[in-house]
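Colleague: The structure follows.
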């Protein structure tokens, strides 16, 4: 039973160590990708050790303790690995790319003259984005617009939205 408790304590210590000095050890405990992260390893060891100790104390059967400890370790380790993987998956919602703005709707912030640039504001990927804009006709501030083309990384071509 002492061996199970030591294995469980090692799992908890690995988890605490990775939380406290995670930036220094970033990637040290990761092997085989995001699903097999340090959190998954720590979860597996903790659940295996403490689960095995609990089963051994209740049943006095080493084989049953190892089997159920492994089952608990795999379940908790897989859950921790999956959670770690999902948290590390960065969505595209944080990056606004000008090339992806065609079709977005917004409004004119500063009037767009017939032969010059004005400014439009749109919400793209959760970010309020202000861009220089041209239009085929003069547009007053507050006019609802739709982006029809990208002229440069900071300017777009718009049309009034009906």
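Colleague: Helix 62-88: angle to the longest alpha-carbon principal axis of the chain, degrees 0 to 90, nearest 10?
Modeller: For 62-88 against the chain, the angle is about 10 degrees.
Colleague: Sort 100, 115 by Cβ crowding within 10 Å, fewest neighbours at the top.
Modeller: 115, 100
Colleague: Between residue 87 and residue 61, what is the label-point separation in nm under the 7 Å Cα-to-beta-carbon projection?
Modeller: Placing both labels 7 Å beyond Cα along the Cβ direction yields 3.6 nm.
Colleague: Sum -39500 (n - 2.57) across every DSSP H segment of at least 4 residues in the chain, then divide by the residue count to get the 222 nm mean residue ellipticity, nearest 500.
Modeller: When only DSSP H runs of four or more count, the value is -14500 deg cm²/dmol.
Colleague: Read through the labelled values (1) 28.0, 87; (2) 15.3, 48; (3) 25.9, 96 and report the label of the one computed as Rg and Dmax of the Cα atoms in Å from the structure.
Modeller: (1)
Colleague: Considering the chain as a Gaussian network with a 10 Å cut-off on Cα pairs, which listed residue, 67, 116, 79, attains the greatest mean-square fluctuation?
Modeller: In the Gaussian network model the winner is 116.
Colleague: Evaluate the relative contact order of the chain (contact order divided by residue number), counting alpha-carbon pairs under 8 angstrom at least 6 apart; express in whole percent.
Modeller: It comes to 16 percent, rounded to a whole number.
Colleague: Let me ask something additional. Any idea how far apart residue 2 and residue 157 come out in nm if each label point goes 7 Å out from Cα toward Cβ?
Modeller: A separation of 8.0 nm, rounded to one decimal place.
Colleague: Quick check on the exposure proxy: order 161, 134, 146 from fewest to most C-beta atoms within 10 angstrom.
Modeller: 161, 146, 134
Colleague: Taking the beta-carbon count within 10 Å as an exposure proxy, list 121, 18, 61 from fewest neighbours to most.
Modeller: 61, 121, 18
We did not get these values from a lab; they are worked out from the coordinates using the rules stated. Owing to the predicted nature of the structure, the values given are computational and were not obtained by experimental measurement. Backbone-built Cβ (ideal geometry, glycine too); neighbour counts: all protein chains shown.
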